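The values are calculated or read from the model by the stated rules, or taken from the named source; none is laboratory data. The shown structure was predicted, so the numbers you read here are calculated from the model rather than taken from an experiment. Cβ sites come from the backbone with ideal geometry, for glycine too, and all protein chains shown count toward neighbours.
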Amino acid sequence: MKRRPFVLNTHGSLLGYKKYLSSSLQRLPYQFYDLATLKTSARRAQAIVVSSKLEYADALEFGIEKNKIHIIPMGIDGIERIVRKDEAETKTLQLLFVGRIARVRRVEWVLRAVQKLSFPWRLTVVGGEAETTSVARSGYLEELKALCRTLEIEDRVRFTGFQNSDELKTHYQRADVFIYASRYENFSQPLLEAAAAGLPLVSTPVGIASEIAEDGGALIANETPEDIGSCIESLKDPDLRLQMGMAAQKSVQKRFDWNAIMQSYVDLYQSL
C-alpha cells in the first residue's frame, strides 16, 4: 500500500520563540522540547510548508533539508479595489495599526514615531490585548494608554479593542497608511489585509512585508521609532501613497490569490 504523504505546516513555530522571547531562561522550555523530541516531526515529514521567505530562513536554521521546504503562503478572499477617498481633501493623515495588542508588536514604537510627525494625523489601534506566551507581562494596553498621556497624544490615538470582520474592513477603508512595528512575524495576516485594501505599508522587516516591498507596496523601516517615523513622514505625499497602495494590491493579487495557493498544495501532494 502506498504511504500517505506526511506534510508539515510550521505556522511559525520552529524558531519564533527565539525572536520574541528575550531571556534565555524563557527560551529554555522550547529548546528542551526540541532536544527531547529530536525534532522528529520535522525530520519525518516528506515536505515542510512555510508561509514566507522569512519562515523559509527559519526552517533552514532549524535544520530542515532545503529540498523539503516549500513556500506556500496564506491567502485572502475577495481581493477588490477599494476606492480611496480624495487625497487632496484629506488634511489629517489617518494611520492604522491592526493586530493583537502584545509586547512583541512594539506598539509603543508606533506611538513614539507618530508623536514627532510634522503634519496633522490620527492613529487608530485595532485589536484586543493578548499574551504571546505564558511568561509575558500583563497590563501592556494600560501602559500604552499611559504612554499616550506622557507623549500628550491621547486626543489623537484611538484604541478600539477587538473588531469583527465588517468593522475591520471599515477601518482599512478609512485609513491612509498602515503601520507595523512587530519584533517577529512568520507571515502577518494584518499586513496582507492592509495591502489587499490598497494601503501603503510601513513595517519592520517581518512576515511578508519585504515581499510586498519588492513590488513597491511597502517601506521597510529600520528597527527604531525614529526610522518608522521617517518612513511615515515620506508618505505625506498623496501621489506616493496612491502609487504604493496600488502596488501593494497588485502584489497581493500576484502572490496571495487563493486559487493559486490551493493549486500549489495540490501540486505538492501529487508530487509525493
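One table, with the values for the structure above:
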| read-out | value |
| --- | --- |
| Selection status of ARG174, assigned by TED's automatic domain parsing to the domain that holds VAL98, surrounded by fewer than 19 Cβ atoms within 10 Å (Cβ to Cβ), among the basic types (Lys, Arg) and over 24 Å from LYS250 (Cβ atoms) | no |
| Wholly enclosed strands (runs of 3 or more DSSP E) of segment 7-72 bearing at least 2 residues surrounded by 19 or more Cβ atoms within 10 Å (Cβ to Cβ) | 47-50 |
| Hits in segment 112-127 - residues which are in a helix (DSSP H, G or I) and surrounded by fewer than 21 Cβ atoms within 10 Å (Cβ to Cβ) | ARG112, GLN115 |
| Residue within segment 171-182 that is part of a strand (DSSP E or B), among the aromatic types (Phe, Trp, Tyr) and touching a residue at least 24 places away in the same chain (Cβ under 8 Å) present | yes |
| Residues of segment 255-272 satisfying the condition of being within 18 Å of the chain's Cα centre (by Cα) and part of a helix (DSSP H, G or I) | ARG255 |
| Residue match in segment 81-90 (condition: surrounded by fewer than 18 Cβ atoms within 10 Å (Cβ to Cβ) and modelled with pLDDT of 90 or more) | no |
| Conditions (1) among the β-branched types (Val, Ile, Thr); (2) closer than 30 Å to GLN46 by Cα; (3) in contact with a Phe, Trp or Tyr (Cβ under 6 Å, 6 or more places away or on another chain); number of the one not met by VAL252 | (3) |
| Restricting segment 11-38 to residues that are in contact with a helix residue (DSSP H, G or I) (Cβ under 8 Å, 6 or more places away or on another chain) and either aliphatic (A, V, I, L, M) or outside the structural domain of LEU60 (by TED's automatic domain parsing) (or both), the residue that is modelled with the highest pLDDT | LEU14 |
| Residue match in segment 216-230 (condition: out of contact with any helix residue (DSSP H, G or I) (no Cβ under 7 Å at 6 or more places or on another chain), of a type in the set (Ser, Thr, Tyr) and surrounded by 19 or more Cβ atoms within 10 Å (Cβ to Cβ)) | no |
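Okay, residues lined up against (1) without any contact (Cβ under 8 Å) to a residue 12 or more places away in the chain; (2) assigned by TED's automatic domain parsing to the domain that holds ALA130; (3) part of a helix (DSSP H, G or I); (4) over 16 Å from the mean Cα position of the chain (by Cα):
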| site | (1), (2), (3), (4) |
| --- | --- |
| PHE159 | no, yes, no, yes |
| GLU193 | no, yes, yes, no |
| GLU226 | no, yes, yes, yes |
| CYS231 | no, yes, yes, yes |
| ALA247 | no, yes, yes, yes |
